[in-house]
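Below: the structure, in structure tokens.
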Amino acid sequence: MDMWFAFVTDVGFPIAVTFYLLHRIEGKLDLMIETLHQIPDKWK
């Protein structure tokens, strides 16, 4: 049981931070993709 607790403690924090950062950057990536799709329209 102690081994599982140590595993969750060691691995759980980096996983939580990763999901938090991915959630935050998702909106910025959507905006960047939308902007990239608009570039060809501006060159016409």
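Here, each number is a calculation from the coordinates, and none is a lab measurement. On a predicted model such as this, the values are computed, not experimentally measured, just so you know.
Details
- Quotient of the Cα radius of gyration of the chain and 2.2 N^0.38 Å, N being its number of residues: 2.08.
- For the chain, built as a Gaussian network whose Cα springs stay under 10 Å, the top-fluctuating residue of ILE33, ILE15, ILE25: ILE33
- Angle in degrees between helix 2-42 and the longest Cα principal axis of the chain, rounded to the nearest 10: 0
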